[in-house]
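The values are calculated or read from the model by the stated rules, or taken from the named source; none is laboratory data. None of the values given here were measured: they were computed from a predicted structure. Because the Cβ atoms are built from the backbone with ideal geometry, glycine has one as well, and the counts that use them run over all protein chains shown.
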Amino acid sequence: IRAVAKTELDSKVSFEDNPLAINEIIIKQIKNRGHFISLLYSCQLLEGPNPENEFKGSIPNLGEWSWHEKLPKQLIATQNIYNKYL
């Protein structure tokens, strides 16, 4: 979790010891790499994300971040299992 926060937000986080949810996702239409185990943790930023990496354009670049007022239209369908947490 710390490594992801550093890589994706260039920030530090605290997090709960136990996940909020553990889900097994199987996408039968995908022959290879269609099976996922997903763990959702409650995290808090300890410092703001790096403002230099804030997404400001129409197509995001690798490493850019953005906050959303509502769920983005591009949300991956399998992520709907987390709607109750959003």
task: Go through the stretch 37-86 and give me each residue that's hydroxyl-bearing (Ser, Thr, Tyr), without any contact (Cβ under 8 Å) to a residue 60 or more places away in the chain and either part of a loop (DSSP other than H, G, I, E, B) or closer than 19 Å to Phe15 by Cβ (or both).
output: Ser38, Tyr41, Ser42, Ser58, Ser66
message: Could you check the stretch 31-58 and list, in sequence order, the residues that are charged (D, E, K, R) and more than 25 Å from Tyr85 (Cβ to Cβ)?
response: Lys31, Glu52, Lys56
- prompt: Can you pull out the residues in the stretch 46-61 that are modelled with pLDDT of 85 or more and of a type outside the set (Lys, Arg)?
  reply: Leu46, Glu47, Gly48, Pro49, Asn50, Pro51, Glu52, Asn53, Glu54, Phe55, Ile59, Asn61
query: In the stretch 31-78, what residues are over 17 Å from Arg2 (Cα atoms), surrounded by 10 or more Cβ atoms within 10 Å (Cβ to Cβ) and either hydrophobic (A, V, I, L, M, F, W, C) or touching a Leu at 6+ places or on another chain (Cβ under 9 Å) (or both)?
result: Phe36, Asn53, Phe55, Leu71, Leu75
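Matching residues to (1) of a type outside the set (Val, Ile, Thr); (2) within 21 Å of Ile76 (Cα to Cα):
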residue	(1), (2)
Val4	no, yes
Asp10	yes, no
Phe15	yes, no
Leu20	yes, yes
Asn23	yes, yes
Lys28	yes, yes
Ile37	no, yes
Leu40	yes, yes
